[in-house]
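Single-structure report; data block below.
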Amino acid sequence: AMLDPDSGLSLTIARIVQRLKGSSLHSQLERQARVSLHKPEIKLESLKQDIKEFLKTSGWEKKLQNAVYSELNVFPSPCHPAAPPEHMKEPLAYMRKAQGSWEKRILKSLNSMCTELSIPLAQKRPVSEQKELLNKWNEMGTDEPDLSLFRPVYAPKDFLEVLMNLRNPNYDSGEQPSFRNHLGLIQVPLKVKDIPELKEDFSELGLNIGQLGIDDSAQVPPEFFENEHVRIGQKVLAEQDSAAAQQYVRQGCPTALRADLWALILNISNQPEDILYYEQLKSNVIQHDLLVDSLIYKDVKLTASNDDYYFVFEDYLYQVLLCFSRDTSVLEHFAYSSATPPKSYIRGKVGMEEYAVFYPPNGVIPFHGFSMYVAPLCFLYHEPSKLYQIFREMYVRFFFRLHSISSHPSGIVSLCLLFETLLQTHLPQLFYHLREIGAQPLRISFKWMVRAFSGYLATDQLLLLWDRILGYNSLEILAVLAAAVFAFRAVNLMEVTSLAAAEAVLADLSTLKVMPLLQIFLFATVT
């Protein structure tokens, strides 16, 4: 049920006030207001007005604005007050049910690994081991534990199989003519955008607009655009306005400004209390040994350690991911995620809620390739607690949607459907050809989208892509890029006769230039 705009707005305001009340920003604002009382320019007769003015000129009003903007970006618009809370997680019952049974499968896999290896889910480390871990905290990669018995809990292709089997039970696919013609692997009727709608949404990527990542725009000499764009970027940073930064990065971030602009959009300032919080997470890692630690370790060894771009960041990845698994503040995102954090029971107390704990403490079980969400951020942030906060915020805004089943437009199901629909509509010959030879395009592109292309594109190109994810607060661009890659390689793909051959044509994306591909696909395709 949609709300009328006014009551929707007041609900939103109430929720934001509620959330900001407990924040450190709230106590800082109170402290600043108290301090200001001693200033000569603050008069008793105009107290309220003067304090407001002081908070404005001293930059605190901006900080509050950014915090509000950040909340608006993360939380969905409020449901009807009468709607049950699970509707905020996921409005469609069959999606909630599918996500629930997928979670059961993951847990079963995790528990059977525990039993097979007779390793507990969690145990306190002996003091000697704690000391050793503390000493080698910055070079954990030198360790070579035997992880041959550990296996990833699941890989993207297992997850794709689940998505292919999704069906809406109240709905016979013969009913709606528009959907009956969908010949892709995803068989659920969700509304996805067509090219005209995407053009409108991504209008800043248009052919006549300056872009970073396009070398030869006919309209504007690139060096002229770049110099001007850098100047505006510096101004946006000086203003410290998250909304302006988000609009700005739609045309790409100058390399030198990217780290600060992303932090501004994500509202991360790395305050002393944030650094302290990170240190607490670290000491939790030092004290307790979790089974997921081995999964994280194995994932880094299998992915980033073998990557030409990212292997140098191996130690950062362990630090960030081990701390992330301990971070209970991540649990807050389950309010608007279709997923539910897994529970574990203290031995002998199964089913007794008072003995239940979330496992891992952040509620997120890593899968094969998870560490690639962190790897690109290591290029931008070299201070562990800042890197950590940026990653955590990227995860609770975006990445969680890539491995949970939901009907959200940025959720992986919608992205798959958008990808298949774009190909079937705009490259029908290619789509039918690949389908006929048993090389359904989604079988190839799924892993790109689940990882947000990390590990597939060259890093400079990946960062230009992620600029736009932040700029548009949406993951839809991943599906558009996946379709654009197929369009770009269409001539070669028309000649292949097997899935293996199609995969070979698309095996190496490291030479691709993201922005020209997106522009040509969106703005030069005849619709």
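The values are calculated or read from the model by the stated rules, or taken from the named source; none is laboratory data. None of the values given here were measured: they were computed from a predicted structure. Cβ sites come from the backbone with ideal geometry, for glycine too, and all protein chains shown count toward neighbours. Calculation scope for accessible area: heavy atoms of the full protein, side chains included, ligands and nucleic acids excluded. Shrake-Rupley method; radii C 1.70, N 1.55, O 1.52, S 1.80 Å.
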Cut-off under 5 Å, modelled amide H: who pairs with HIS288 long-range: ARG125
Solvent-accessible area of VAL230 with every protein chain in place, 1.4 Å probe, in Å² to the nearest 10: 50 Å²
Percent carbon-and-sulfur accessible area, region 5-81, ignoring ligands, DNA and RNA, probe 1.4 Å: 60 percent
Chain lengthening between ALA504 and GLU144 when straightened (0.36 nm per residue, less Cα-Cα): 126.4 nm
Solvent-accessible surface (1.4 angstrom probe) belonging to SER58, in square angstrom, nearest 10: 50 Å²
Rounded to the nearest 10 Å², the accessible area of VAL312 at probe 1.4 Å: 90 Å²
Listed residue pairs exceeding 18 Å between alpha carbons, taken from LYS39/LYS62; LYS104/LYS343; LYS62/LYS235: LYS39/LYS62
Subset of LYS21/LYS56; LYS136/LYS157; LYS89/LYS193; LYS298/LYS447 violating a 27 Å alpha-carbon distance limit: LYS136/LYS157
Approximate spin-label separation LYS199-LYS131, in nm, with each point projected 7 Å along Cα-to-Cβ: 7.0 nm
Three-way shape label, region 307-465, alpha-carbon gyration tensor, a/c 1.5: oblate
Alpha-carbon spread of the chain, three principal axes, descending order, Å: 79, 65, 51
Accessible area in square angstrom per residue, the chain, 1.4 angstrom probe: 47 Å²
Proximal lysines relative to LYS131, as straight alpha-carbon distance under 18 Å, when same-chain residues fewer than 8 apart are discounted: LYS282
Projected label distance in nm at ALA122 and GLN287, using a 7 Å step from Cα toward the beta-carbon: 1.1 nm
List LYS97, LYS235, LYS343, ordered by accessible area with a 1.4 Å probe, largest first: LYS97, LYS235, LYS343
Probe 1.4 Å, all protein chains present, accessible-area order of ASP241, ASP467, largest first: ASP241, ASP467
